[in-house]
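A.B. asks: Pasting a structure below so you can have a look.
Please treat every number below as a calculation from the coordinates, not as lab data. Nothing here was measured: the structure is a model prediction, and the numbers come from that model. Glycine gets a Cβ as well: all are built from the backbone with ideal geometry, and neighbour counts include every protein chain shown.
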Amino acid sequence: MRQSLVIANWKLNGDLELVNFMVSALASESYTADVVICPPAPYLSALQQRTQNTELAVGGQNCSSFQQGAYTGEISASMLKEVGCEYVLVGHSERRSLFAEDDQVVASKLVAAQEAGLTAVLCVGESLTQREAGQTMSVVKQQLLSALQNADLNRLVVAYEPVWAIGTGMTASPEQAQEVHQEIRALLATIDAQQAQKISLLYGGSVKADNAEIIFAQEDIDGGLIGGASLVAEQFRAICSAVKG
Ligand SMILES: O=C(CO)COP(=O)(O)O
């Protein structure tokens, strides 16, 4: 049985008040899923302090591919680890499209994250144009395998986030999502068949309290990567409780 996981990606949202509010709103319940919050980097330490003695974990939204040096504005994976992160997102579609991160950059960030002792949450997913052109599987395969060239599958989570479903209210149908998740697990199995069965695969893209359960019920979907709904306590709590297990 794979570990269920729900990750909140706050993106460029939130403040200290939300950190305090969310921790008290979430920590009072216990969940079958592991629950991780990825706030903007300046709030990581505060979140880490507030979540001590709770079951909530902390993650970064991004890390540098460099370990240290003259890279103004960058944050290394070991710095994230030092302030209490257990996870970091790599290759989110917003990083790929808005900050020009290509497959090579994503691969080196993933290695940097794992070498620092973090679990890397590799995000993959096709655009609407790519889906309509029948390229979904080839895009996902390219993003996945190029990022995993030097990866440690023991410290990996994969999140399938179709770009057309992110922040649009257009969720992939449970069947569409399962089809891609199944393919991702099959691709992982070509690297390590045993480990592929243990890796948590998350769906992301307009997951809300009212569609989470049916999406998470799919065989190869082990939880979610949640944007907008993770900023609303009632929504996020319901999503965390919707995982199978
Ligand atoms: O990008 C996402 C999480 O990383 C998904 O965002 P939404 O849940 O807002 O669609």
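A.B. asks: Rounded to whole Hz and in sequence order, give me ³J(HN,Hα) for segment 83-96 from the Karplus expression 6.51 cos²θ - 1.76 cosθ + 1.60, θ = phi - 60°, writing x for Gly and Pro.
C.D. replies: Those phi angles translate into 8, x, 6, 10, 10, 8, 6, 9, x, 4, 4, 5, 5, 5 Hz.
A.B. asks: For segment 149-236, what size does the Cα cloud have along each of its three principal axes, sorted from largest down, in whole Å?
C.D. replies: Principal-axis extents of segment 149-236 (Cα, largest first): 37, 24, 21 Å.
A.B. asks: Now for a different question. Considering Cα pairs under 8 angstrom that are at least six residues apart, work out the relative contact order of segment 163-245 and quote it in whole percent. Don't jump to the answer; show the numbers that get you there.
C.D. replies: Values: 115 pairs, mean separation 26.5, N = 83.
Here the relative contact order equals 32 percent.
A.B. asks: Treating only the Cα positions of segment 5-241 as identical point scatterers, give the base-10 log of I(q)/I(0) from the Debye formula at each q in 0.08, 0.13, 0.14 Å⁻¹.
C.D. replies: Results for segment 5-241 at q = 0.08, 0.13, 0.14 Å⁻¹ read -0.26, -0.73, -0.85.
A.B. asks: Inverting the mean 1/r over all pairs of different Cα atoms, compute the Kirkwood radius of segment 201-245 and quote it in Å.
C.D. replies: Roughly 10.1 Å, rounded to one decimal.
A.B. asks: May I pose another question? Determine the relative contact order of the chain: mean sequence separation of Cα pairs under 8 Å and six or more apart, normalised by residue count, in whole percent.
C.D. replies: Values: 497 pairs, mean separation 51.7, N = 245.
Result for the chain is 21 percent.
A.B. asks: Once you've got the Cα coordinates, tell me which of LYS11/LYS208; LYS81/LYS198; LYS198/LYS244; LYS141/LYS208 are over 25 Å apart. Before the final figure, lay out the partial values.
C.D. replies: On the way: LYS11/LYS208 16 Å; LYS81/LYS198 23 Å; LYS198/LYS244 15 Å; LYS141/LYS208 27 Å.
Listed pairs above 25 Å: LYS141/LYS208.
A.B. asks: Please go through segment 1-73 and write out the chymotrypsin sites (Phe, Trp or Tyr not before Pro) that DSSP classes as loop and that have at most 15 other C-beta atoms within 10 Å.
C.D. replies: Loop-located and lightly packed - PHE66, TYR71.
A.B. asks: Given Cα positions, please report Rg to Rh for segment 1-112, the hydrodynamic radius being the Kirkwood one. Show your work: numbers first, answer last.
C.D. replies: Working: Rg = 14.5 Å, Rh = 14.8 Å.
When Rh is taken as the Kirkwood radius, the ratio is 0.98.
A.B. asks: Loop only by DSSP, 16 or fewer other Cβ within 10 Å of the Cβ. Give me the GluC sites (Glu not before Pro) in segment 196-243 that pass, ordered by residue number.
C.D. replies: Numbers: sites: GLU213, GLU219, GLU234; in loops: GLU219.
Qualifying residues, ordered by number: GLU219.
A.B. asks: What percent of all Cα-Cα pairs in segment 61-111 falls in each 10 Å bin, counting up from 0?
C.D. replies: Histogram of Cα-Cα distances, whole percents per bin: 26, 56, 18.
A.B. asks: Let me ask something else. Would you grab the residues whose amide H sits under 5 Å from the one on VAL90? Only those 5+ places off in sequence or on another chain, please, with H modelled 1.01 Å from N.
C.D. replies: VAL121, LEU122, CYS123
A.B. asks: Calculated from DSSP H runs of 4 or more alone, at -39500 (n - 2.57) each and per residue, what is the 222 nm mean residue ellipticity of the chain, nearest 500?
C.D. replies: -11000 deg cm²/dmol
A.B. asks: Here's something else I'd like to know. Could you tell me the relative contact order of segment 84-182? Use alpha-carbon pairs under 8 Å, at least six residues apart, and round to a whole percent.
C.D. replies: Relative contact order comes out at 30 percent.
A.B. asks: How large is the charge dipole for segment 110-219, taken about the Cα centre, if only the Cβ atoms of Lys, Arg (+1) and Asp, Glu (-1) carry charge, to the nearest 20 debye?
C.D. replies: Numbers: 6 positive and 12 negative charges, 36 e Å.
So the dipole magnitude of segment 110-219 works out to roughly 180 debye.
A.B. asks: Let me ask you something else. Name the residues whose placed amide hydrogens come within less than 5 Å of the amide hydrogen of LEU5, ignoring near sequence neighbours (fewer than 5 apart) on the same chain.
C.D. replies: Counting only residues 5 or more places away or on other chains, the set is ASP34, GLY223, GLY224.
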